[in-house]
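Worksheet: the structure to be examined is printed underneath.
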Amino acid sequence: MTSTPISRIVRKALISSIALVAPVAAIAQPTLIRDVRVFDGVDVHEKRSVLIDGNRIVEDDFRGPAPGDAWVVTCAGCTLMPGLIDAHVHAYAGLDDALMFGVTSVFDMFTLPTMTAASRARTAAHLNPGEADLYSAGILATAPGGHGTQFGIDVPTLTAPEKADAWVAARIAEGSDYIKIVVEEGGGVIGRSLPTLDQRIVTALVEAAHRRDKLAVVHTITKAAAQVAIAAGADGLVHFFADAPVDAEMLAAMKERGMFVSPTFAVFESFAGRGGSGELAEHAGFATLLGREAVANLSAATESDRIGAFAPAMQANILALTNADIPILAGSDAPNPGTWFGVSLHRELELLVQSGLSPQQALVAATSAPAQAFGIAGHGRIADGAFADLLLVRGDPTRDIAATRDIVEVWKDGQSAEPLRTERREQIAAASAQGGTAKPLPQDGRIATFAQTGETVMIEAPFGSWNVSTDAMMGGKSTAQASLTPDGALRLTGTVAEGSFAQWAGISWMPGERMMAPANLSSATGIAFRIRGSASGPGVMGFSEAGGQQPALSQIEIGENWRDVTVPFADLPRFDSSGTTMLLIGMFSPGDYSIEVDQIRLVVE
């Protein structure tokens, strides 16, 4: 959803428990939230009124009659708190999604700086009412072949400590707000071994960040990795471990260094086989704001039986951190499988409480604690002069953490997000209604015709669009050149380059009205085409809303002679043709290729 500045706040309906004095409010109009419980980021005040004007809180304990031009909000039994802060996401998308669920700021832990530049600029200007504020680590620090290099993004890696200073300087020049370092050797915890940075390089990176007054945070999922980070003098751990108990010596060292920890329990429970966030897709207040992709991703728990051992171990270590007064920051690691932006932070709060934090301590972990840890002044508190990023919920989340899910109102930079939430509900409802009607298909099923003008090859479709596609869009090195054969077939030549799990080259069809928009192809049962040539790992890949971010792949066989290939949609795992976002015919294993393809059609029975 593209957000635009809101010139007027219009209420289409009043919620029975809220009285709004003045249904329409201009941006410049002050807002008075009257006589509600206030959690200010640290303490609870049972009955207060808070006045906001512009993008700031004017008075956190307003007394007296409402200003004559104020929009007055009352909500019996409700609690006002600072907008939530998610201390661990990957924000190449989802900033508007986060805001839908009361998350008004996020800390990104690895996204290309070019992808976040516009959002970071809006954040810096404090004129960002349509999405969560974004602070980013940019590119992470890792070893060649280490964690972070598998995503098809060109990641500059490190092999020696003397390279650390220049590496950190380059990240800051790109706009990184802090430095993220990966220490992950893999092994039994994740089922594979990985190269990782050694102690000398990690220490050099931390020191280089500190020389430039930047925080250095470390990705660790084992006790051994955490020990490396602690010895290096890191400021925080942006995962925690459950492979061994945290011991008193480690806790003392962390306390002495003033470290913080973001456990990211919500994503780990998914990897351990329990889809806890998935239950929130059925929550009455959340379901109408979640598209099919989000629902699918929330339900995508990894097939594993480790949760029975993992959860108690993680809970014990989180409780030990709490008892040692180590600051805990709530982070979801969205949008990894089993999570989604905004939604999963509410699950993380629940998991922190289950680990022994009080509900109020959990709220601190999602408001004032991350704001203080990362030094974002004016956030995470309800105080005079703070930014007016606020969340109003029914009930008392300082006693029952589940109350954070009963959202009444969200304010971002002083503006109500309810018009955006209403727009999102309407979009979800419209998409659901549209999804019930299958798209009319060509009578012969043909979905691609080829033409060439000079050296330019065009692939025309009856609806949607075709493109030559490679992993270069994600920083990969694969190539593809298109031409037409004398008999009018499409010829593709090039190389699939090794370097990421997402390596590919081929042609892709997006059948929707815009890029990656869903189209209902349920009247078709599969895709068919003729193909010949030589290639490594040829196949058909499908993306659909139901599959979330996980593509479905079906391998095919090709040879020197023409072969008629049919790939039933039923052979594409997790693929639902009623919400098709992309179909790709391509090569997915490293090597040179030269193929010809023709007569691409949808199979209609």
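The values are calculated or read from the model by the stated rules, or taken from the named source; none is laboratory data. Because the structure is a prediction, the values reported are computed rather than measured. Methodologically, a virtual Cβ is constructed for each residue, glycine included, from the backbone with ideal geometry; neighbour enumeration extends over all protein chains shown.
Some observations on this one:
- Yes/no for residue 477 being in contact with a Leu (Cβ under 7 Å, 6 or more places away or on another chain), closer than 25 Å to residue 510 by Cβ and part of a loop (DSSP other than H, G, I, E, B): no
- Of the residues making up the stretch 380-393, those that are part of a loop (DSSP other than H, G, I, E, B) and under 21 Å from the mean Cα position of the chain (by Cα) are 380, 389.
- Looking across the stretch 323-336 at every residue that is surrounded by fewer than 19 Cβ atoms within 10 Å (Cβ to Cβ) and not acidic (Asp, Glu), the one that is nearest to residue 234 (Cα to Cα) is identified as 324.
- The set of residues from the stretch 542-564 being surrounded by fewer than 21 Cβ atoms within 10 Å (Cβ to Cβ) and in a strand (DSSP E or B) comprises 552, 553, 554, 555, 563, 564.
- Those residues of the stretch 104-159 which are surrounded by 17 or more Cβ atoms within 10 Å (Cβ to Cβ), of a type in the set (Ser, Thr, Tyr) and in a helix (DSSP H, G or I), in sequence order: 116, 119, 123
- Residues of the stretch 294-307 include at least one that is surrounded by fewer than 22 Cβ atoms within 10 Å (Cβ to Cβ), at pLDDT 90 or above, over 24 Å from residue 518 (Cβ atoms) and not polar (S, T, N, Q).
- Residue in the stretch 281-289 that is of a type in the set (S, T, N, Q) and buried (at least 17 other Cβ atoms within 10 Å of the Cβ) present: no
- Selection count, the stretch 257-303, where residues are within 28 Å of residue 373 (Cβ to Cβ) and among the hydroxyl-bearing types (Ser, Thr, Tyr): 4
- Counting only helices (runs of 4 or more DSSP H) that fall entirely inside the stretch 287-359 and contain at least 2 residues that are farther than 30 Å from residue 544 by Cβ, the qualifying elements are 307-323, 343-354.
- Per-region count, the stretch 509-537, residues more than 30 Å from the chain's Cα centre (by Cα) and either crowded, with 20+ Cβ neighbours inside 10 Å or assigned to a strand (DSSP E or B) (or both): 11
- Scope the stretch 406-465; condition more than 30 Å from residue 480 (Cβ to Cβ), among the hydrophobic types (A, V, I, L, M, F, W, C) and either touching a residue at least 24 places away in the same chain (Cβ under 8 Å) or assigned to a strand (DSSP E or B) (or both); matching residues: 407, 408, 410, 411, 417, 420, 428, 429, 431, 438
- Condition met for residue 488 (over 30 Å from residue 346 (Cα atoms), in contact (Cβ under 8 Å) with a residue 60 or more places away in the chain and in a loop (DSSP other than H, G, I, E, B)): yes
- Positions within the stretch 70-103 being assigned to a helix (DSSP H, G or I) and surrounded by fewer than 23 Cβ atoms within 10 Å (Cβ to Cβ), in sequence order: 96
- The listed residues are 430, 472, 438, 480, and the only one of them that is aliphatic (A, V, I, L, M) and at pLDDT 90 or above turns out to be 480.
- For the stretch 398-415, the count of residues that are surrounded by fewer than 22 Cβ atoms within 10 Å (Cβ to Cβ), in contact with a Leu (Cβ under 7 Å, 6 or more places away or on another chain) and not β-branched (Val, Ile, Thr) is zero.
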